[in-house]
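To start, the structure under review is shown below, and the notes come after it.
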Amino acid sequence: MFGNPQYPTYQVFLALLIAALIAGFIMPLWIRLLKIEGIGQQIRADGPQRHLVKAGTPTMGGVVILLAVVLTCLIMCKPTFELLLAIGATLATGALGLFDDITKVVQSRSLGLTPSGKMAGLTLIVVVFFVLAVNFCDVQPVIAFPGGFAIDLGILTTTFMAGGMEIQIPWLYLIFVFLLLAGMSNAVNLTDGLDGLAGGTVMMAMLVMAAICFIRDDINLAMFCASCAGGCIGFLWFNAYPASIFMGDTGSLALGGGLAAVAILTNTEVISLVVGALFIVETLSVMIQVVSFKATGKRVFLMAPLHHHFEKKGWAETTVVIRFWIVSAACGALGLALFFQLG
């Protein structure tokens, strides 16, 4: 481990800095390579018309973010099972997003994997992560709420032997973990629609999760979260309006998956829903729009996800992004405050 373990605060901030520097140094090289190869973003034809000028902007910036996270963790962290599992979930969802991004580029369309194909991949990732977390990381199938209230989701548990080891599958908790991990991945993915929006909001959420892990004395996971935030900082330098690169599904699915994985490993699932409330609202706006249009033929929002609704109302793109950053910061502060109320 790089740095002095006697000063864990220093280590966490150093992880943030290292990841930011790695991402900031490699990103221009990655952008240049993508331009040479002609790999650019495909823009939705039914999206805001002023976004059409962004067509062809290099994408898959998430590759560099993930590289920065992995390299920082190799430099700074001890290879605990919890850390490796968090990194594994992040890289697995990132790999699914990378396949989606490549499909979009090859087929020259804004839609990549089919919803069923993406969901099948996320299901496999969730099941593997869940089995390992519950049986090897002592993750309890209990949902803790602020104020000391808790719900035990382990009441329907199947136990069997595999390779001489006892494996437990608490089915209700498996459903919850699936909704959280797959849902958060897709939620961050839906939020990634404006220059700097996903990168800035995920950065704030990961900083809060780093603080939570630090308070729980899990310095390795704290440094992992800090490195995710640092990777976003290095990325934002080039993703700020007007963006020179987008993170793509590679980054958005991975960062959403990483956020959920840390929440599960620290049994702060409910807190993560507060910290990531903006992502959830963005997702709900899409669901409400679809249900309303199918049921009544009318749209609730001018356009979904929600950030496009405010664009349609005349807000400048940078105004939407900054105000959503403020909301994300407020959600993070509320989540951190509620964390101290957990039983």
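Return the single residue from Leu29, Leu194, Leu17 with maximal mean-square fluctuation; model: Gaussian network over the chain, springs between Cα atoms under 10 Å.
Highest fluctuation of the listed residues: Leu29.
Where does the charge balance sit around Ala254 when Lys and Arg score +1, Asp and Glu -1, over other residues with C-beta under 14 Å from its C-beta?
For residues surrounding Ala254, the net value is -3.
Under 5 Å between amide hydrogens, which residues at least 5 positions from Leu342 or on another chain qualify, with H placed 1.01 Å from N in the peptide plane?
The list, which skips near neighbours in sequence, is Gly147.
Using modelled amide H (1.01 Å from N, peptide plane; none on Pro or chain starts), what sits under 5 Å from the amide H of Phe246, excluding residues fewer than 5 places away?
Thr59, Met60, Gly61
Apply the Karplus parameterisation 6.51 cos²θ - 1.76 cosθ + 1.60, with θ equal to phi minus 60°, to every residue of region 244-250 and state each ³J(HN,Hα) to the nearest whole Hz, in sequence, with x for glycine and proline.
8, 7, 10, 6, x, 5, 3
Given the convex hull of the Cα atoms of the chain, what is a quarter of its surface area in nm²?
Across all orientations, the chain yields a mean hull projection of 18.2 nm².
Tally Lys/Arg at +1 and Asp/Glu at -1 over every other residue whose Cβ is under 15 Å from the Cβ of Leu221; what's the total?
Values: positive: Lys78, Arg216; negative: Glu82, Asp138, Asp217, Asp218, Glu269.
After counting each charged neighbour, the total is -3.
With springs connecting C-alpha atoms under 10 Å apart, model the chain as a Gaussian network and identify which of Ala150, Ala92, Ala304 has the largest mean-square fluctuation.
Result for the chain, Cα springs under 10 Å: Ala150 fluctuates most.
What is the spin-label model distance, in nm, from Thr158 to Tyr241 if the labels are put 7 Å beyond Cα along the C-beta direction?
In this crude label model, Thr158 to Tyr241 measures out at 5.1 nm.
Got a sec? How would Tyr173, Tyr7 order by Cβ neighbour count within 10 Å, fewest to most?
Ordered from fewest to most neighbouring Cβ atoms within 10 Å, Tyr173, Tyr7 come out as Tyr7, Tyr173.
Which peptide among 156-168, 197-209, 239-251 comes first, and what is the full order, when sorted by highest mean count of other Cβ atoms within 10 Å?
Peptide ranking by packing, descending: 197-209, 239-251, 156-168.
Across region 8-339, how many lysine pairs, 8 or more apart or on two chains, come within less than 21 Å at their alpha-carbon atoms?
Taking the Cα cut-off of 21 Å, the pair count is 8.
Taking θ as phi - 60°, what are the ³J(HN,Hα) couplings along region 257-262 by the Karplus curve (6.51, -1.76, 1.60), each to the nearest whole Hz, with x for Gly and Pro?
x, x, 4, 5, 4, 5
Compute a Gaussian network model of the chain, connecting alpha carbons closer than 10 Å, and tell me which residue from Gln289, Gln140, Gln107 fluctuates the most.
Gln107
May I ask for the net charge around Phe136, where only other residues with Cβ less than 13 Å from the Cβ of Phe136 are counted and Lys, Arg are +1 while Asp, Glu are -1?
Result for the local shell: -3.
For the chain, which longest stretch is free of loop sites, where a loop site is one of the trypsin sites (Lys or Arg not before Pro) that DSSP puts outside H, G, I, E and B and that has at most 11 other Cβ atoms within 10 Å?
That would be 1-297.
Report the calculated FRET efficiency for Phe136 and Leu179 (r = Cβ-Cβ distance, R0 = 22 Å), to the nearest 0.05.
0.50
Read the figures in this text as sums done on the coordinates, not as results from a lab. Being a predicted model, the structure only gives us computed values, none of them experimental. All Cβ positions, glycine included, derive from the backbone under ideal geometry; neighbour counts span all protein chains shown.
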